[in-house]
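In what follows, a single structure is set out as C-alpha cells and then discussed.
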C-alpha cells in the first residue's frame with residue numbers, strides 16, 4: 001500500500017468527505033485557452049457517459065454533491081484542482097465512496113475523446129459557453145475596468161494571461177489542441193491526493209489503490225516559484241483616463257511594493273487590513289461615512305505580486321473629492337498613534353477569524369493543501385508573524401509602497 | 001445528531017427561534033422584520049400611508065447607520081462581531097455573527113432596531129450612499145432584468161425594485177420613515193433567530209431583558225392589501241445596455257393564494273424538481289437548444305414567492321429570442337413528469353438536508369425563508385422529503401396555472417462609433 005501518497009485528514013466534525021486531486025502543470029502562453037477549456041471538458045461528459053444528460057444522472061445516482069475541476073495559479077506554478085464532495089456513510093447509510101471515486105477517476109482518465117481529439121460537439125458547447133461568459137465579463141463595469149488596470153500594472157505578462165486578454169486564442173483553439181494539452185498534463189499522470197472527512201485510512205487507501213494509484217503513473221513536481229513580484233510600470237505614477245457607457249465611474253489606485261520579498265507579506269497584509277478590516281475600515285469610514293462619496297470602497301491585496309489596489313465606484317462629479325479622500329486615507333496609515341490602536345483591534349479580529357474558520361471545512365482543507373506544497377503557512381503561524389509588527393514597521397513599510405497606476409473610468413450615463 | 005429549532009413566544013409578541021449546536025465555534029444572530037420591498041401601504045392610527053419603492057431598504061440603512069449606539073457596523077466590529085443588514089421583497093434582516101460578546105451583541109441589536117433614534121438630519125445623511133447603490137444597480141444586467149420583470153408582472157402592486165430609484169429615495173421624508181417604522185418595527189412583527197454555539201438560558205434572559213426595556217407600541221396599525229389580478233401588466237419588455245450577449249427571461253406569475261404553509265413548503269420542493277426535470281441538463285429542451293446553437297450556456301431557472309404569487313424565472317443567453325421563448329412556453333404547456341428523475345431529485349434533497357448541519361448558513365437561510373416567506377416556522381427535514389410522492393408532485397404542479405407570463409430581454413447596446 002502506498003500510504004505515504006495519500007494525505008488523509010480524518011475529522012468527525014463534518015458530514016461530508018472531500019477528495020481533492022492536484023495535478024500540477026506548466027503551460028505556455030499559446031496554450032492558455034486549451035488549459036482553461038480542459039477542466040470543463042473533463043467534468044461534464046466522459047467516454048462512458050458521453051452526453052451531459054447521462055453524466056449528470058450518474059452524478060446524482062452516486063450521491064455526488066459536487067464534482068468540479070478548476071485551473072489555479074499560485075505565482076508561476078499552475079495546477080488543476082479536482083474536487084469531489086460526497087456525504088459520508090453515516091449520513092447516507094450506504095456505501096458510495098468507492099463508486100463515486102471510481103466515477104471521478106474514470107471521467108479524468110477516460111475522457112470523451114474521438115480520434116485523438118475531444119468530442120467536437122462537446123468542445124464547441126464548452127467553447128461557446130466560455131466565449132459568452134468572457135464577453136459578458138468585459139462588458140460590465142467591473143470586468144472592463146479590472147482588465148484595463150491589469151494592462152497597465154502587469155510588467156511581467158502574468159496577470160493578463162487570462163481569456164479576457166486572449167479572446168482570439170479562445171476563438172481559434174481546436175478540440176485536438178485541448179486533447180494534446182490533456183495528454184501532457186493529465187493522462188498518465190498521477191495526482192496528489194488529499195482526503196478530508198470521517199473515513200478510515202485502510203478503507204480509503206484500498207479504494208485509491210484500485211482507482212487513482214492503479215496504474216502507478218508518475219507525479220509531476222511542483223517546482224515553480226509561488227510568487228511573481230511585479231516591477232513598477234514606470235518611474236512616475238501612470239494616470240490613465242477612460243470612458244464607458246456606465247452610470248457609475250470607476251476609480252482605482254494600484255500600489256506596488258518596491259523590492260518585495262517574502263518577509264514583506266505580513267506587512268502588506270496589515271496595510272490591507274487597516275484599509276478594509278471590519279474594526280478598522282479606514283476606506284469605508286473616509287469615503288462613505290465622512291464624505292458621502294460611495295456606496296462601497298474596498299481594497300484588494302495580491303500577495304504573490306506584491307500589489308495592493310484601492311477601488312471605488314463614484315459619481316463622476318466627485319472624482320477630485322474621491323481622489324483626495326483616497327490619498328487622505330493612505331496618509332492616515334502614517335499616523336502611528338492611530339495605527340497602534342487599530343493594530344491591537346485588528347489583532348483580536350484576526351484571532352476571532354481563526355476561530356470562525358474552524359467551522360469552515362473548505363478553509364481547513366485548503367489550508368492543509370497550502371501547507372503540504374508550501375504555498376502558504378497555517379493561519380496560526382501567519383497570525384504570529386503578522387502581529388509581531390508594530391505601527392513603526394507599518395509606517396516604514398509605507399515608504400516602499402509606491403503608487404504605480406491611477407485608473408479612472410468615467411461613466412458617460414451620468415446616473416441617468 | 002440532528003438539532004431541532006426551539007421556539008419561544010415572548011409576551012411582547014416577538015418570537016424567538018433557537019438552534020443550538022455546540023460543535024460550532026460561531027454563533028449567528030438574525031433579527032427579521034416583516035417589511036420588505038413589496039409592502040405598499042398601511043394604516044397607522046386610522047391614517048393611510050402609501051410606501052413607494054425603496055423605503056424598506058432605506059429604513060434598513062437608517063437604523064444601522066443612525067442607531068443610539070452609533071453606526072451599528074462599527075459598534076459590532078469593535079466587539080469582533082461581523083454584521084450587516086439585507087432587505088428583500090418580503091422582509092428585512094439585521095444580523096451579526098461572532099465567537100465572543102454574543103449576548104452583548106443581542107442586547108445592542110434588539111435595542112438599536114426597536115428604539116428609533118434617527119432625526120430629520122439623519123434622513124438626509126442616509127440618502128447619498130443609497131443613491132450610489134442605485135447607480136451601481138443600473139450598471140448591473142441582472143438587477144436591471146429583475147426590475148423589468150417585476151415591473152411587468154404586477155398590475156396593481158406598484159413594485160419594481162427593493163432599493164427604488166433616485167427620485168423615490170430623494171422623496172423620502174422623516175414623517176414617512178417614522179410612520180413606516182412605527183407600523184412595521186413593533187416587536188410583534190419581529191423574529192429573532194439564534195444559531196450556533198451559545199448558552200440557551202443566558203441568551204433567552206438577554207433577549208427578554210432587552211425587550212422588557214422597550215416601550216410597548218401605542219399605535220394601532222394594519223397592512224393595506226392590494227388585490228393583484230393574475231394577469232401580468234405587460235407581456236414584453238426590453239432594455240438595452242452594455243452586455244456581451246442578449247439575455248432572455250420568461251417569467252411566470254402563478255397564483256398560490258390559497259396554499260397553506262405546509263403546501264407552500266411542498267410546492268417549493270416540487271417546483272425545484274419540476275424545473276430541473278424540464279429545463280435542467282437532463283431535459284430535452286436543454287439538449288435541443290444547445291445542439292441547435294440557440295443557447296450557448298445552460299438554462300437558468302429559479303422560483304420564489306412574491307406576495308400571493310409564485311414567480312418562476314427561466315432564462316438563457318441567446319440571440320434567438322423567439323425560438324427560446326416558444327420552446328419554454330411549449331414545455332410549460334406540456335411538461336414532463338419523470339418518476340425516475342423525481343426519485344433521484346428526492347434522494348438528492350434528502351442528502352442536502354442531512355448534510356446541512358455542517359454549515360450554519362445552510363440552516364439559517366432555509367429556515368428564515370420557510371418562516372418569513374412561506375409562513376412555515378420549521379426547518380424542512382429528511383422525513384418531510386421522505387413523505388413526498390410522485391402522484392402528489394404531479395397533482396400539485398398540474399393544479400397550477402401557467403398561462404400568465406412576461407418576456408423580458410436585455411439587449412446588447414450598440415457601441416458608439
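Read-outs throughout are calculated quantities, based only on the coordinates presented, and are distinct from any laboratory measurement. Note that the coordinates shown come from a computational prediction; the quantities given were computed from them, not determined experimentally. For neighbour counting, all protein chains shown are included, and Cβ atoms are generated from backbone atoms with ideal geometry for every residue, glycine included.
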What does the extension gain come out to for residue B:284 and residue B:84, with contour length at 0.36 nm per residue minus their alpha carbon separation?
67.8 nm
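What is the stretch A:1-69 by shape, rounded, prolate or oblate, if you read a ≥ b ≥ c off the alpha carbon gyration tensor as root eigenvalues and call it rounded for a/c under 1.5, prolate for a/b larger than b/c, and oblate otherwise?
In terms of gyration-tensor shape, oblate.
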Run the quick spin-label model on residue A:396 and residue B:399: label points 7 Å from Cα toward the beta carbon, then report their separation in nm to one decimal.
7.5 nm
Provide the FRET efficiency to the nearest 0.05 for the residue B:292-residue A:214 pair, computing r from the beta carbons and using R0 = 60 Å.
0.90
Can you grab the distance from the C-alpha centre of the stretch A:339-366 to the C-alpha centre of the stretch B:42-101, Å, no decimals?
26 Å
Neighbour counts of other C-beta atoms within 10 Å: give me A:323, A:279, B:408, B:124 arranged from fewest to most.
B:124, A:323, A:279, B:408
Residue A:89 versus residue A:388, label points 7 Å from Cα toward the beta carbon: distance in nm?
4.6 nm
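Which FRET efficiency value, to the nearest 0.05, is calculated for residue B:382 and residue A:70 with the Förster distance at 22 angstrom and r the Cβ-Cβ distance?
Efficiency, from the Cβ-Cβ distance: 0.10.
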What residue among A:386, A:351, A:127 shows peak mean-square fluctuation when chain A is described by a Gaussian network model with Cα springs under 10 Å?
A:351
How tilted is helix B:200-212 with respect to the longest principal axis of chain B? Cα atoms for both, answer in degrees (0 to 90, nearest 10).
70 degrees
In what sequence do A:181, A:373 fall when counting other Cβ within 10 Å, fewest first?
A:373, A:181
Determine, for A:363, B:42, A:118, the number of other Cβ atoms within 10 Å of each Cβ, and report the residues in order from fewest to most.
A:363, B:42, A:118
In terms of the alpha carbon gyration tensor, root eigenvalues a ≥ b ≥ c, rounded if a/c is under 1.5 and otherwise prolate when a/b exceeds b/c or oblate, the stretch A:157-248 is prolate
At a Förster distance of 30 Å, what's the computed FRET efficiency of residue B:333 paired with residue B:140, Cβ-Cβ distance as r, to 0.05?
0.40
May I ask you to compute the full-extension gain from residue A:187 to residue A:371, defined as 0.36 nm times their residue separation minus their alpha-carbon distance, rounded to one decimal in nm?
63.6 nm
Rounded to the nearest 500, what is the 222 nm mean residue ellipticity of chain A from helices alone, with -39500 (n - 2.57) per DSSP H run of 4+ residues and division by all residues?
-13000 deg cm²/dmol
Residue by residue through A:134-140, how many Cβ atoms from other chains fall within 10 Å of the Cβ on average?
5
In degrees, nearest 10, range 0 to 90: what is the angle between the Cα axis of helix A:97-109 and the longest Cα principal axis of chain A?
80 degrees
Pull up the DSSP beta bridges for chain A and report the antiparallel fraction as a percent, rounded to 5.
80 percent
I want to check the label-to-label distance for residue B:208 and residue A:237. Put each point 7 Å from Cα in the C-beta direction and report it in nm to one decimal.
5.9 nm
Under a GNM of chain B (C-alpha, springs under 10 Å), which listed residue has the highest mean-square fluctuation: B:406, B:219, B:27?
B:219
How large is the helix-only mean residue ellipticity at 222 nm for chain B, computed as the sum of -39500 (n - 2.57) over DSSP H runs with n ≥ 4, divided by its residue count, in deg cm²/dmol to the nearest 500?
-12500 deg cm²/dmol
If you line up the long axis of helix A:32-42 against the longest principal axis of chain A, both from Cα atoms, how many degrees apart are they, to the nearest 10?
50 degrees
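What is the gain in length, in nm to one decimal, between residue B:413 and residue B:240 on full extension, counting 0.36 nm per residue of separation less the C-alpha to C-alpha distance?
Residue separation times 0.36 nm, minus the Cα-Cα distance, leaves 61.8 nm.
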Among A:307, A:260, A:327, residue whose mean-square fluctuation peaks in a GNM of chain A (springs only between Cα atoms under 10 Å):
A:327
Calculated over the protein assembly as shown: convex hull of Cα atoms, volume per residue (Å³)
166 Å³
Share (percent) of C-alpha pair distances in the stretch B:1-138 greater than 26 Å works out to 31 percent
Rounded, prolate or oblate: which fits the stretch B:277-417 when a ≥ b ≥ c are the square roots of the eigenvalues of the alpha-carbon gyration tensor, with rounded for a/c under 1.5 and prolate only if a/b beats b/c?
prolate
